[in-house]
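Each remark here refers to the structure printed beneath this line.
Read-outs throughout are calculated quantities, based only on the coordinates presented, and are distinct from any laboratory measurement. In this text the structure is predicted, and so the values were computed from the model without any measurement. Here the Cβ positions follow ideal geometry from the backbone for every residue, glycine too, while neighbour counts run over all protein chains shown.
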Amino acid sequence: MQKESIFTIGDIHGCYKELNELLKQWNPESEQLILLGDLVDRGPQSYDVVQKAFQLQKDHGAIILLGNHERMLLDWLDQPEVKKDYYYGQGGYETINSFFGHDITNLKEADEIAQLMKVQFKTELEFLETRPLYYEWEDFVFVHAGVNLNLEDWKNTSEREFYWIRDEFHFGDNNTNKTIIFGHTPTSILHKTENKFDIWTSPCSTKICLDGGAVYGGYLHGMKGNKGGIVSTHSVLCKSGAGKYEV
């Protein structure tokens, strides 16, 4: 049965302690929980975040969307040596080590690590592989990166655009009759102000970005809403960051 309200959380990137702190604001009985993707990479506790998300789905029916960083992890597993340099440089180094609980990336080759992951973490990886690309609730659409606003029906957005699109979505006209809640791009980029990680809202208030750059020393943002619109926002300052954001 559909719940009367929603509580959605932006990009977590391994910030496990901050996620648990923000979840204190969530009412599991009345609020549908939605995580916008990018559970992993860059932050210190990606594996713990994945486990937590898996449990939230199992126990409370939480909606966990696919982010580009989950996709990068899965793509690396398919081609470990080919994708190694790119993925490790995008925060995959921290993710892989968090899964194994030690610095395995300096001890074993990428092919061997990938094979071990596929065996030891089969349940977690299947969970990530089956994440939906978007979630529609009342007059809201929740998505990791955005949608193709040039299409007659936004649902025909390509898979890659759902978790990778940027400028053409940020600056395009939203004629979907939906308020689109997304992450993917740290809000400092959209505010055009370094270290300004407040929630970003488009001029017409039909697009809202919740990627507060938590892993860069910004905020993990949460937002409550109901059929009438946005009810409240909640933010936790992240102290376990990975340094300055670079495009």
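Considering only the other residues whose Cβ falls under 9 Å of the Cβ of residue 77, what net charge follows from Lys and Arg at +1 and Asp and Glu at -1? Charge balance near residue 77 sits at 0. Site pair residue 107 and residue 166 shows an inter-label distance of 3.6 nm when each label is modelled 7 Å from Cα along Cα→Cβ.
How much length is gained if the chain between residue 79 and residue 173 is pulled fully straight, taking 0.36 nm per residue apart and subtracting their Cα-Cα distance, in nm to one decimal? Roughly 30.1 nm would be gained on extension.
Among 162, 54, 121, the largest mean-square fluctuation in a Gaussian network model of the chain, built with springs joining Cα atoms closer than 10 Å, belongs to 121.
Reducing segment 174-216 and segment 69-138 to their Cα centroids gives an inter-centroid distance of 27 Å. The trypsin sites (Lys or Arg not before Pro) of segment 140-234 meeting both criteria, a DSSP state outside H, G, I, E and B (loop) and at most 14 other C-beta atoms within 10 angstrom of the site's C-beta, are 192, 227. What do you get for the angle between helix 46-60 and the principal long axis of the chain? Use alpha-carbon atoms, 0 to 90 degrees, nearest ten. Approximately 50 degrees, to the nearest 10. The HN-Hα couplings worked out from phi for segment 190-197 by the Karplus form 6.51 cos²θ - 1.76 cosθ + 1.60 (θ = phi - 60°) are 6, 6, 6, 9, 4, 6, 8, 9 Hz, whole numbers, x standing for Gly and Pro. Taking label points 7 Å from Cα along the Cα-to-Cβ direction, residue 226 and residue 204 give a separation of 2.7 nm. Neighbours of residue 112, meaning other residues whose beta-carbon lies under 13 angstrom from its beta-carbon, give a summed charge of 0 when Lys and Arg score +1 and Asp and Glu score -1. By the helix-only formula, in which each DSSP H run with n ≥ 4 contributes -39500 (n - 2.57) and the sum is divided by residues, the chain has a 222 nm mean residue ellipticity of -9000 deg cm²/dmol. Within the listed set 88, 134, 47, the residue fluctuating most in the Gaussian network model of the chain (springs between alpha-carbon atoms under 10 angstrom) is 88. Figure legend: label point modelled 7 angstrom from the Cα of residue 159 along Cα→Cβ; residues of segment 113-138 with amide N under 13 Å from it are 129-134. For residue 192 and residue 2, the difference between the fully extended length at 0.36 nm per residue and the C-alpha to C-alpha distance is 64.7 nm. Taking 217, 183, 43 as the candidate residues, the one with maximal mean-square fluctuation in a Gaussian network model of the chain, Cα springs under 10 Å, is 217. Using 0.36 nm per residue and subtracting the Cα-Cα separation, the extra length available between residue 55 and residue 129 on full extension is 25.1 nm.
Under a Cβ-only charge scheme (Lys and Arg +1, Asp and Glu -1), can you give me the dipole magnitude of segment 5-237 about the Cα centre, in debye to the nearest 20?
Dipole about the Cα centre, nearest 20: 460 debye.
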